[in-house]
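S.K.: I have a structure here, written as structure tokens, and I will follow up with some questions on it.
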Amino acid sequence: MFRRKKKDEPTDAPPAPETAAEAASAESVSESATAESTATPVETQTTAAETIAAPAAAENESQGVAPRGRSGKRVQKVGTVSSDKMQKTVVVRVDRLVLHPKYRRYVRRTSKFMAHDDLGATTGDRVRIVETRPLSTKKRWRVVEIVQKAAK
């Protein structure tokens, strides 16, 4: 059978192109490090708290993770209440314009969302809804504010 190569054994193949790119970037990093070492000490001084917090913040940003203690931005939509026949629930119709791929005209697309309503919105009101945890089988939105009351 075939024998696996150990990491210490030399190979006959030339080094991979990405390793050469990594070596070039390592040289540029070492050149920039020497340029920074010649800078005045006042410019390079940082506190111990900054040096500890900076790598953690950079790591979280690169992974797309929100920092602890703060919730991420929740999606908000503005739409018209189309039904208020349920208790503490309204159906909100959100319209958006989409460019038709062939005819190059804007076409109206409609989505309906069931939203929890503590504010007492009625049919025809313009409301702002925000996404939230699942409140029931179909309800994943909550009415935040009534933007404009319906004309009576």
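Readers should treat all values here as calculations from the given coordinates under stated rules, not as data from a laboratory. Given the structure is predicted, the values throughout are model-derived calculations rather than measurements. So basically every Cβ, Gly included, is an ideal-geometry build from the backbone, and we count neighbours across all protein chains shown.
S.K.: Got a sec? How would MET114, MET86 order by Cβ neighbour count within 10 Å, fewest to most?
M.R.: MET86, MET114
S.K.: Shifting gears a bit: P(r) for region 76-148: what percent of alpha-carbon pairs falls in each 10 Å bin, starting at zero?
M.R.: 21, 48, 19, 10, 1
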